[in-house]
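A short write-up of the structure that comes next.
Read-outs: derived from the displayed coordinates by stated rules, not from any lab. What you see is a predicted model; the values in this text were computed from it and never measured. Glycine also receives a Cβ, built like all others from the backbone with ideal geometry; neighbour counts cover every protein chain displayed.
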Amino acid sequence: MKIGFIGLGQMGAGIAANLIAARHEVTVFNRSVDKAKPLVDKGATLAETAGGAAQGVDAVFTMLADDKAVESVAFGEAGIIANLPRSAIHISSSTISVALSERLMAAHEQAGQHFVAAPVFGRPDAAAAAKLFVVTAGPEAALADCQPLFDAIGQRTFILGNKAPAANLVKLSGNFLIASVIESLGEAMALVGKGGVDLHAYLDLLTSTLFAAPVYKTYGGLIASGKFSPAGFAAPLGQKDIRLALAAAEDLQVPMPVASLLRDRFLTLIANGGAELDWSALGKLAAKDSGQPGPD
């Protein structure tokens, strides 16, 4: 397939590389052109604009940081919607608000195009290894066309219906749960750590008995080691996702008191110099509050 790819950060670069490896014809665009060079060396074509990456393709991916970044490439004369062929697909893998997903769905439908939300679960190493979990929703025929692309970048695809915003809502709920795990692990590890228990031994006990899920192993290991830089997923992005989850909860009239707590914890981390750290640094705030070494 002819694929456009917009957004070559840590996640996007790995995903685009796997699409190239799967022998798709890939055109890439990134605001920082230097990030595109490794992919051009692998066979990608470089576009000068986001709209250029959408011209003449079967589908175009966006993997960008937030709503503002997605809006900047989707709308306007030089954007995706104005340049994507009729019946082609915009695959949004960014973690965006439900409201923007609804807006994009309507705009693409009006333009005779298809909009598929396909956010992913997995960190940059999983993106590079094509081991992501793809959470997707959109028109049934478009999802079928996208499946070979999802197979090239992930280990499993979960389809959540024919309305794209459902996938964005589920992604936000998942990131809320991950942040909840990070905070609760941090509090528990601060408790036992101040009591003299080795954190790595404690984590081994937890993940070998009660909590064998990968999320506990991954984030527990980061908290125990205190390795928060370079960030695989920066703290401000975590704060953004909790804010978007709360916005969706307000629209749906669903109280989320833990999410409100997490929003404030992220703000505390960022206000105290943690903006460049991985979001797992949230798990060291409890240690800092108890007089132990905090995130750095």
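Structure values in brief
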read-out	value
Net length gained if the chain between K68 and S208 were fully extended (0.36 nm per residue, minus Cα distance)	46.2 nm
Violating pairs (Cα-Cα greater than 22 angstrom) within the set K240/K284; K37/K68; K131/K171; K194/K288	K37/K68
For the range 137-177, the fraction of alpha-carbon pairs in successive 5 Å shells from zero, as %	6, 22, 26, 27, 15, 4, 0
Qualifying lysines (Cα of each under 18 Å from Cα of K42; at least 8 residues distant if same chain)	K2
Value of Rg/Rh across the chain [Cα atoms, Kirkwood radius]	1.00
Coil-residue chymotrypsin sites (Phe, Trp or Tyr not before Pro) of the range 1-75, DSSP, other Cβ within 10 Å capped at 16	F75
Radius 14 Å from Cβ of I178, net charge of other residues (Lys, Arg +1; Asp, Glu -1)	+2
Unit Cα scatterers, Debye sum, the range 74-144: log10 I(q)/I(0) for q = 0.23, 0.24 Å⁻¹	-1.02, -1.06
Volume in Å³ per residue [convex hull over Cα atoms, computed for the range 218-274]	92 Å³
DSSP loop GluC sites (Glu not before Pro) with at most 15 other Cβ within 10 Å excluded, longest remaining stretch of the chain	78-275
Distance histogram in 10 Å bins (all Cα pairs of the range 107-177, percent per bin)	21, 50, 26, 3
Share of Cα-Cα pairs in the range 32-116 lying beyond 20 Å, as whole percent	30 percent
Listed residue (S92, N168, Q55) projecting farthest to the positive dipole end of the range 48-180, Cβ model	N168
For the range 37-71 versus the range 142-156, the gap between their alpha-carbon centres in whole angstrom	18 Å
Cα Rg over Rh - the range 2-163, Kirkwood	0.92
Residue-count net charge about G283 - beta-carbon cut-off 9 Å; Lys, Arg +1, Asp, Glu -1	-1
Interatomic Cα distance distribution for the range 169-289, bins of 5 angstrom, percent	2, 12, 22, 23, 19, 13, 6, 2, 0, 0
Separation in nanometres of the label points that stand 7 Å from Cα toward Cβ, at Q110 and A82	1.5 nm
